[in-house]
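Colleague: One structure, pasted below without further comment.
The values are calculated or read from the model by the stated rules, or taken from the named source; none is laboratory data. All figures in this text were calculated on a predicted structure; none of them were measured in a lab. As a convention, Cβ positions derive from the backbone with ideal geometry for all residues, glycine included, and neighbour counts pool all protein chains shown.
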Amino acid sequence: MNKFFDKIKSFFKANGEVITPTAVLAIICVVVTLALSSTNLLTAGKIEALAIETQNKAMAKLIEADEYHELPATTSFGDITYNAAIKDGDTVGCIFVTEANGYGGVVSVMTAVDMEGKIIAVEILAAADETPGLGQNVTKEYFYTRFNGMSGDIIAAKAGTAKKENNEIDAVTGATISSKAVTTAVNQALDYASEIIVKGDELK
């Protein structure tokens with residue numbers, strides 16, 4: 001037995017310079033992993049709450065309501081989720097987040113539609129991949145407010161050529177592709193709204 005312990009002592013004595021740093025690194029890895037996991041658990045709830053608050057603020061800019069209910073819906077385009085805007089106990093509008101491919105990447109749009117199927121307001125959530133000074137101008141108020149009050153199939157026409165009777169809006173100068181991406185996303189929201197409003201039973 002004594003010989004066994006002597007062998008162990010000799011092993012650690014001979015290999016101590018290698019084993020000690022390895023053991024320390026292993027302990028550090030375990031401690032760091034546990035710390036990160038604990039931090040994630042503590043912050044996950046706060047991050048989710050902040051995301052909800054940010055989204056509610058964005059929706060409040062589009063349509064005034066007492067509360068917003070996230071609801072699922074089945075449409076001919078597939079299953080989606082949207083928010084019903086509730087005021088004084090009644091649904092006063094639907095809010096959709098839709099996307100379309102622009103010139104440089106995906107353009108994300110939030111659209112509020114009233115119960116008659118008309119656009120209340122539009123907010124551009126993301127267009128950072130569009131060309132600075134051109135495509136990114138779709139985030140400017142002078143452009144996205146052109147959709148207010150419109151319905152049906154909206155068309156982005158070349159700047160300066162739009163005809164209201166044809167349901168057209170002027171595209172941003174030099175950024176027709178980015179403008180069409182916004183229009184496509186808005187039209188998708190209108191399509192969703194037309195189906196959901198007709199069904200009615202999903203608006204709770």
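Let's see how each residue does on (1) polar (S, T, N, Q); (2) touching a residue at least 12 places away in the same chain (Cβ under 8 Å); (3) not in a strand (DSSP E or B):
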{"position": "T81", "(1), (2), (3)": "yes, no, no"}
{"position": "G93", "(1), (2), (3)": "no, yes, no"}
{"position": "F96", "(1), (2), (3)": "no, yes, no"}
{"position": "G104", "(1), (2), (3)": "no, yes, yes"}
{"position": "V113", "(1), (2), (3)": "no, yes, no"}
{"position": "G117", "(1), (2), (3)": "no, yes, yes"}
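Colleague: Given (1) buried (at least 19 other Cβ atoms within 10 Å of the Cβ); (2) of a type outside the set (D, E, K, R); (3) closer than 28 Å to K180 by Cβ, identify the lone condition not met by A84.
Modeller: Of everything listed in (1) buried (at least 19 other Cβ atoms within 10 Å of the Cβ); (2) of a type outside the set (D, E, K, R); (3) closer than 28 Å to K180 by Cβ, A84 misses just condition (3).
Colleague: Next question, about the same structure. Since E130 meets every condition but one in (1) at pLDDT 95 or above; (2) part of a helix (DSSP H, G or I); (3) over 18 Å from F96 (Cα atoms), which condition does it not meet?
Modeller: (2)
Colleague: Mind listing whichever residues of the stretch 131-174 are among the charged types (D, E, K, R), touching a strand residue (DSSP E or B) at 6+ places or on another chain (Cβ under 7 Å) and over 14 Å from N187 (Cα atoms)?
Modeller: If the condition is that a residue be among the charged types (D, E, K, R), touching a strand residue (DSSP E or B) at 6+ places or on another chain (Cβ under 7 Å) and over 14 Å from N187 (Cα atoms), then D170 is the only one that fits.
Colleague: Considering each residue of the stretch 163-193, count those that are crowded, with 16+ Cβ neighbours inside 10 Å and in a loop (DSSP other than H, G, I, E, B), and give that number.
Modeller: Counting residues in the stretch 163-193 that are crowded, with 16+ Cβ neighbours inside 10 Å and in a loop (DSSP other than H, G, I, E, B) gives 1.
Colleague: Mind listing whichever residues of the stretch 153-176 are closer than 10 Å to G135 by Cα and either out of contact with any helix residue (DSSP H, G or I) (no Cβ under 7 Å at 6 or more places or on another chain) or not hydrophobic (A, V, I, L, M, F, W, C) (or both)?
Modeller: T173, G174, T176
Colleague: When you go through D88, D66 one by one, which is the residue that is free of Cβ contacts under 8 Å to residues at least 60 places away in the same chain and on the phi > 0 side of the Ramachandran plot?
Modeller: It is D88.
Colleague: Now for a different question. Among the residues of the stretch 39-49, are any surrounded by 11 or more Cβ atoms within 10 Å (Cβ to Cβ), within 26 Å of T139 (Cα to Cα), at pLDDT below 90 and outside the structural domain of C94 (by TED's automatic domain parsing)?
Modeller: no
Colleague: Residues of the stretch 152-180 being touching an Asp or Glu at 6+ places or on another chain (Cβ under 8 Å) and among the hydrophobic types (A, V, I, L, M, F, W, C), which ones?
Modeller: Within the stretch 152-180, I154, I155, A156, A157, A159, A162, A175 meet the criteria.
Colleague: Among the residues of the stretch 21-35, are any in a strand (DSSP E or B) and modelled with pLDDT of 65 or more?
Modeller: Scanning the stretch 21-35, I find no residue that is in a strand (DSSP E or B) and modelled with pLDDT of 65 or more, so the answer is no.
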